[in-house]
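Below you'll find the structure, written out as structure tokens, and then a few comments.
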Amino acid sequence: MKKTLGAVALLGASALILAGCSTSGGDAGSTDGKGAEVRVWLVGTDTPQDARDYLKKTFEDENPGSTLVIEEQQWTGLVDKLTTSLSSNDSPDVVEMGNTQAPAFTSSGALLSLEDIKEKLGGKDLLPGFVEAGSWDGKLYAAPYYSGARVVFYNTSMYDQAGVTVPTTLDQYVTNGTTLAAALPGVSGVYFPGKDWYNALPFIWENGGEIAVKDGDKWDAQLSSDKSVKGLEQVQTLMTQASLAPKDGDEANGWVPFRTEQAATYSAPSWAYWSIVADEDKKPTAVADTTGYFALPGMKEGSTAQVFAGGSNVGISAKSKNPDLAKSALEIMLSDDYQTILAKAGLVPALTSLGDQVAAATPELAKVIAAAAANAKLTPASPNWADVEAQGIMQDLFVNIANGGDVKSLAQDADKQIESILNG
């Protein structure tokens, strides 16, 4: 379902620069100093409580008299909320955003340049792809925060019952899904809700398609190309014949049907493993001993598919009244100790030197995570891509595909909308 955008968001994130944002940081109303309150926006529940507690305590110990407040936001509608909040006089100080959303805000003047503290944040040790996503005109505005590779989790008992094995090609992955669904009534062979466009992207890429490519100064959307359509048709097969997930549902909390044995296969960021094998009270779930994992296979036998590189960047509002304190908070968030806490929670840390700290139940899972991460890919590197997400174009496309719509026609409509936004 398409979201309703506010007046500011309708103008695109680039409108922020017209709203008085400055990249110099701290305006005349700056309250930087003792007694200030620094507001940090974290999105969703991926940042573990241990990290939140560490950030608050360390910041307040290092900055006596000042306080740090963490305000949790939701991924749904985040672009609209950031667009409005970062241009207001009540802007938060430090903000997390998705890596695909970062270019909209780095290019608009909404964020403070981090060039003066780039080395303190990690310099060359920072995840290069996320540095690229968070940079504009040669300067860093949004530092990498964490990354995550998508891994496929499967119920070993259900696979045995249905007589299927770990797939070695993407075609076999699709066939497995329909076979499992047929053999296990009431169970999703592959849990695949309609809005989950993140897990749909590998099917486009592995068939040789793209979302959009740059052609000179213009973007050419290619979801309706023959190669992309082949991938979209594979997605439709899974959504309509292998999945019992809501056709208008999103990917949030997808581990719940998997750990309650309502799904045989579930693709998610690697850190979902800990929510699969343990409940909120950290007690083993019903599938703790029957959960296996593999990297999504590619089209060729034995290859690994290109998967979407999930994760976040984090920056400082250009309208922060406490830019120096905000930098202090950001330095803590990129410190070895803080990033190690994220790694122990299963997140891929922003510092490449800490990559071997990522929590994995077994060496085999660690290898699967590494294989998936090595072949990860991002969405089109356009400052306007965040507006594509904000308007729900990809979500709408796959909801319609999940409901059995004509793939070619739906892809053509999506291409027109994407080109209008990216070239706008």
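Which net charge results when you count Lys and Arg as +1 and Asp and Glu as -1 among the other residues whose beta-carbon is under 15 Å from that of residue 311? Charge balance in the 15 Å sphere: -3. Tell me, rounded to the nearest percent, the portion of alpha carbon pairs in the chain spaced more than 26 Å apart. Of all Cα-Cα pairs in the chain, 55 percent lie more than 26 Å apart. Here the stretch 193-284 is assigned +1 on the Cβ of each Lys and Arg and -1 on the Cβ of each Asp and Glu. Its dipole about the Cα centre then comes out at about 140 debye. Normalising the average separation of contacting C-alpha pairs (under 8 angstrom, six or more residues apart) by the number of residues puts the relative contact order of the stretch 115-213 at 14 percent.
Other residues within the sphere of radius under 10 Å centred on the Cβ of residue 357, judged by their own Cβ, net out at -1 (K and R +1, D and E -1). Viscosity 1.306 mPa s, temperature 10 °C: Stokes-Einstein D of the stretch 279-351 from its Kirkwood Cα radius, in µm² per second? Value of D from the Cα-based Kirkwood radius: 97 µm²/s.
With a 1.4 Å probe and every protein chain left in place, work out the accessible area per residue of the stretch 253-376 in Å², rounded to a whole number.
Values: 4760 Å² over 124 residues.
I get 38 Å² per residue for this part.
Only lysines eight or more places from residue 344 in sequence, or on another chain, were considered; those with a Cα closer than 23 Å are 56, 57, 120, 124, 282, 283, 367. Expressed in Å, the radius of gyration and Dmax of the Cα atoms of the stretch 294-391 are 17.1, 55.
All other residues whose Cβ lies under 13 angstrom from that of residue 337 are scored, Lys and Arg at +1 and Asp and Glu at -1, for a net of -4.
For the stretch 84-166, report the translational diffusion coefficient in µm²/s to the nearest whole number, using Stokes-Einstein at 4 °C, 1.567 mPa s, and a Kirkwood Rh over Cα pairs.
Details: Rh = 15.4 Å.
So the translational diffusion coefficient is about 84 µm²/s.
For the stretch 145-190, the Kirkwood estimate of hydrodynamic radius, built from reciprocal distances between every pair of different alpha carbons, is 11.5 Å.
On the protein heavy atoms, probe 1.4 angstrom, tell me the percent of accessible surface of the chain carried by carbon and sulfur. Numbers along the way, then the final one.
Values: 8390 of 17090 Å².
Heavy-atom surface of the chain belonging to carbon and sulfur, 1.4 Å probe: 49 percent.
In the elastic network of the chain, a GNM with C-alpha springs shorter than 10 Å, the most mobile of 51, 329, 372 is 51. Residue 265 contributes an accessible area of around 0 Å² to the protein surface, as traced by a 1.4 Å probe with all chains present.
Rg ratio for the stretch 43-188: its Cα radius of gyration over 2.2 N^0.38 Å, N being its residue count, equals 1.47.
Listed by chain and number, the lysines whose C-alpha is less than 26 Å from the C-alpha of residue 408, apart from same-chain residues fewer than 8 away, are 2, 3, 195, 214, 218, 227, 230, 247, 300, 377, 416. A 1.4 Å probe, protein heavy atoms only, puts the accessible area of residue 224 near 30 Å².
Shape summary: the stretch 129-208 maps onto an equivalent ellipsoid whose semi-axes, from the alpha-carbon gyration tensor, are 36, 13, 12 Å in decreasing order. Simple rule: put +1 on each Lys or Arg Cβ and -1 on each Asp or Glu Cβ in the chain, find the dipole, and look at 129, 372, 264; the Cα lying farthest toward the positive end is 264.
Kirkwood Rh over Cα pairs of the stretch 228-369 into Stokes-Einstein at 10 °C, 1.306 mPa s: D in µm²/s?
On the way: Rh = 18.0 Å.
Calculated translational D: 88 µm²/s.
Relative contact order for the chain: what percent, with Cα pairs under 8 Å and sequence separation of 6 or more? Write down the numbers at each step before the final one.
Numbers: 903 pairs, mean separation 112.3, N = 424.
Contact order relative to length: 26 percent.
The values are calculated or read from the model by the stated rules, or taken from the named source; none is laboratory data. As the structure is a prediction and not an experimental result, all values here were calculated from the model. When we count neighbours, we look across all protein chains shown, and the Cβ atoms used for this are built from the backbone with ideal geometry, even at glycine. Ligands, DNA and RNA are stripped out before the accessible areas are found, and what is left, the full protein with its side chains, is counted by its heavy atoms. Shrake-Rupley method; radii C 1.70, N 1.55, O 1.52, S 1.80 Å.
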